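Have a look at the structure below, then the notes.
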Amino acid sequence: MIGIKTIASSSKGNCYYVTDGSSPLLLEVGIRYSDIRKALNFNTRDIQGCLVTHEHGDHSKGINDFLKSGINVYMSQGTKESLEIEHHRIKTVKAKQQFQLGTWTILPFEVEHDVLEPLGFLLQNKAGEKLLFATDTYYIRYKFKGLTHLLIECNYSLDILNQNIVEGRVHKGMKKRLLRSHFSLENVKEFLKANDLSNVQEIHLLHLSDSNSSEELFKREIQELTGKLVYIA
């Protein structure tokens with residue numbers, strides 16, 4: 001059974017703890033190592049590895065301390081080059097090339113963000129449960145079968161963003177970047193419609209914008225669309 005704990009989820013930092021009961025992992029290490037340790041009651045010894053989607057600081061800030069602690073960190077070659085980091089515990093992975101990490105089978109895949117080589121990850125445990133992790137992407141080009149858990153960015157609503165621009169709360173230049181780098185509520189809904197959600201148990205909405213989102217609205221609309229249990233991370 002998959003367990004999920006959100007440690008941080010915002011533009012200030014992102015980190016998610018997932019476990020299948022045998023191999024705990026971290027998805028992103030975008031906050032201080034000391035804060036992650038506190039959130040996990042200082043029980044980091046069993047962590048099998050960290051998956052990092054891209055180099056932005058709110059996803060990678062804690063990498064060096066994890067490397068020093070003896071934990072492997074997995075990322076694309078492009079992310080490694082952008083971070084300008086060399087360490088024997090950095091493990092580079094490629095999109096559509098499956099690998100094993102503890103009891104997990106992990107498939108990286110391409111996502112769409114304004115960095116060199118960002119990735120999303122599909123994780124499958126021994127029981128056949130499948131967890132999709134995708135953040136900081138404005139589009140997902142793939143469809144997935146048999147998903148049971150989703151950790152997926154839902155950064156902003158286009159309607160809220162447009163209203164904020166009209167009322168002067170958000171600079172109009174922000175819109176162009178968001179449209180080409182982050183997942184909107186509207187695009188998340190289209191992605192969910194395109195996929196078979198019959199086995200889905202939980203949907204976790206990640207990385208909500210401080211100013212261009214609404215937790216209540218996002219949760220209600222995704223629940224109404226899918227009929228699934230929805231959490232705001």
*Percent relative contact order of the chain, based on C-alpha pairs within less than 8 angstrom and at least six residues apart?*
15 percent
*Mind giving me the nanometre distance, one decimal, between the label points for residue 219 and residue 37, set 7 Å out from Cα along Cα→Cβ?*
3.3 nm
*Calculate how many DSSP beta bridges within the chain are antiparallel, expressed in % of all such bridges and rounded to the nearest 5.*
50 percent
*asked:* Taking a ≥ b ≥ c as the square roots of the Cα gyration tensor eigenvalues, with a/c under 1.5 meaning rounded and otherwise prolate when a/b beats b/c, else oblate, which class fits segment 2-119?
replied: rounded
*For residue 38, go through the lysines and keep the ones whose alpha-carbon is under 24 Å away, minus same-chain ones fewer than eight residues off.*
5, 12, 61, 68
*What residue among 160, 90, 203 has the largest mean-square fluctuation in a Gaussian network model of the chain, using Cα springs under 10 Å?*
160
*asked:* Can you give me the Rg/Rh ratio for the chain, using Cα atoms for both radii and the Kirkwood formula for Rh?
replied: 0.95
*Can you tell me the relative contact order of segment 46-95? Whole percent, Cα pairs under 8 Å, sequence separation 6 or more.*
37 percent
*What FRET efficiency would be calculated for the residue pair residue 112, residue 165, taking the C-beta separation as r and a Förster radius of 22 Å, to the nearest 0.05?*
0.50
*Neighbourhood charge, 12 Å Cβ-Cβ cut-off, centred on residue 183 and excluding it, Lys, Arg +1 and Asp, Glu -1*: -3
_Quick check on the chain: helices-only [θ] at 222 nm, where DSSP H runs of length 4 and up contribute -39,500 (n - 2.57) each and the sum goes over total residues. Nearest 500, please._
-7000 deg cm²/dmol
*Going by C-beta contacts inside 10 Å, put 111, 166 in order with the fewest on the left.*
166, 111
*Quick one: 79, 92, fewest Cβ neighbours within 10 Å first, how do they rank?*
92, 79
_Calculate log10 I(q)/I(0) of segment 75-126 for q = 0.17, 0.19, 0.25, 0.27 Å⁻¹, where I(q) comes from the Debye formula with a single equal point scatterer on each Cα and nothing for solvent._
-0.55, -0.67, -0.99, -1.06
*Distance between modelled label sites at residue 180 and residue 198, nm, 7 Å Cα→Cβ extension*: 4.0 nm
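A short reminder: the numbers here are calculations on the coordinates, not readings from a lab. Just so you know, these numbers come straight off a predicted model, no measurement behind them. Neighbour counts run over all protein chains shown; Cβ positions are idealised from the backbone, glycine included.
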